[in-house]
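Working notes, structure below.
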Amino acid sequence: MKRGDSILVVGGRGYIGRRLIDWWKARYRVVSLDIGWNPPISQAGVEDWTGDMRDVGSEDLSGFVGVVCLASTAMPDHDRRLRFYDAYVANLEGALNLVRCCKESGVRRMVFASTTSVLGYVARREPVDESSIPEPDERYGEVKLMIESILRREACGYFNPVILRQGTVFGWSPKMRFDLVVNAMCKTAYQEGKVFVYGSGDRVRPLVYIGDVCQAYEIALHRAPRLSGEVFHLAYGNYTIAEIASIVSKVSGSPVVQVGESSDRRSYCADTSKASNLLYTPVVSVEDGAREVLQNLREGRIKDPESVTLYNSKLLVDLLGKEVQDA
């Protein structure tokens, strides 16, 4: 890859996509493809396409040297509100179509955004690496794992996918999300002067800063021919929910308050040594990322932190015009 090359970012209007495009727009021709649930991108040097990745044709990818697939509708089963929407099929069909189009149009490089949640519930605290057998306990993770398997099977001399299982992302983005654990705790610390922990706080999450994610995507695209079909865990470290709350409390000056129970049983530790050796080592701490989010909140860069556009599940309910319901 070289300066001025064309890269398609599928899901470019989302939380990671907006930050990634800001990162790349001065060096590459960046095109965003997004289904249109988030506001359009109006920036010089960025082409913004509205469309479904299931409808992309091979001719649409002509001239691109790489594709980053961020697009995915995330609806954890512990939420139990959005099961009526068959997004899992859409995620799978869209990814399959992108693979077909890349191979037919000669786009060699692809980076796929997977998730460490494919690891499922891991009772022990010891980190598990990419060679372990994933056991996702949610359909979202199951579909991510299915796409991983397809990409690894389709990898060949002229198609080089790289799979990044990123931890829970934190940090500021032009398209913010407040349904991610660090960001959510920062928001309540800012709004209510409290950092809430639901349940015992002993569940574990791998965490990674959004800027580090962007850096890893760029390196993965550059090295795709050498890393074809490889899977990487991407995280700064593994933290319990209680540890995360303690960090946000320290940074914000707000006390930790334990309330109720949590229906989210996910708990897993990711071993990131493979990424550190072959790809990238995240460098931004949870403390620094939390400071960034709090600073942007205090500066008023988000006018309405309760807007449904800042919470994926709420946004889907609003867009689909359906009642919240249990399956």
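Throughout, read-outs are computed from the coordinates displayed, never taken from laboratory work. Computed from a predicted structure; not experimentally measured. Note: ideal-geometry Cβ built from the backbone for every residue, glycine included; neighbour counts use all protein chains shown.
Taking the stretch 124-182, which residues are of a type in the set (Asp, Glu) and touching an Asp or Glu at 6+ places or on another chain (Cβ under 7 Å)? Working first, answer last.
Step one: list which residues in the stretch 124-182 are of a type in the set (Asp, Glu), which gives 126, 129-130, 135, 137-138, 142, 148, 154, 179.
Correct list: 129, 138.
Within the stretch 116-153, the set of residues being of a type in the set (S, T, N, Q) and surrounded by fewer than 21 Cβ atoms within 10 Å (Cβ to Cβ) comprises 131, 132, 149. Considering the stretch 180-219, and only residues there that are part of a loop (DSSP other than H, G, I, E, B) and not basic (Lys, Arg), the residue that is nearest to residue 163 (Cα to Cα) turns out to be 180.
Somewhere in the stretch 220-230, is a residue over 25 Å from residue 298 (Cα atoms) and assigned to a strand (DSSP E or B)? No - not one qualifying residue is present in the stretch 220-230. Mind listing just one residue for me: the one in the stretch 279-292 that is in contact (Cβ under 8 Å) with a residue 60 or more places away in the chain and β-branched (Val, Ile, Thr) and, of those, surrounded by the fewest Cβ atoms within 10 Å (Cβ to Cβ)? If we take residues in the stretch 279-292 being in contact (Cβ under 8 Å) with a residue 60 or more places away in the chain and β-branched (Val, Ile, Thr), then 283 is surrounded by the fewest Cβ atoms within 10 Å (Cβ to Cβ). The set of residues in the stretch 244-263 that are in contact with a strand residue (DSSP E or B) (Cβ under 8 Å, 6 or more places away or on another chain) and in a loop (DSSP other than H, G, I, E, B) comprises 254, 255, 260, 261, 262. If you take the residues of the stretch 248-278 that are free of Cβ contacts under 8 Å to residues at least 40 places away in the same chain and under 29 Å from residue 163 (Cα atoms), which of them is surrounded by the most Cβ atoms within 10 Å (Cβ to Cβ)? Among residues in the stretch 248-278 that are free of Cβ contacts under 8 Å to residues at least 40 places away in the same chain and under 29 Å from residue 163 (Cα atoms), the one surrounded by the most Cβ atoms within 10 Å (Cβ to Cβ) is 276.
Residues checked against (1) farther than 22 Å from residue 73 by Cβ; (2) surrounded by fewer than 19 Cβ atoms within 10 Å (Cβ to Cβ); (3) in contact with a strand residue (DSSP E or B) (Cβ under 9 Å, 6 or more places away or on another chain):
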site	(1), (2), (3)
102	no, no, yes
155	yes, no, yes
159	yes, no, yes
166	no, no, yes
185	yes, no, yes
194	yes, yes, yes
198	yes, yes, yes
211	yes, no, no
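Just a yes or no: is a residue in the stretch 184-196 without any contact (Cβ under 8 Å) to a residue 40 or more places away in the chain and under 20 Å from residue 125 (Cα atoms)? No.
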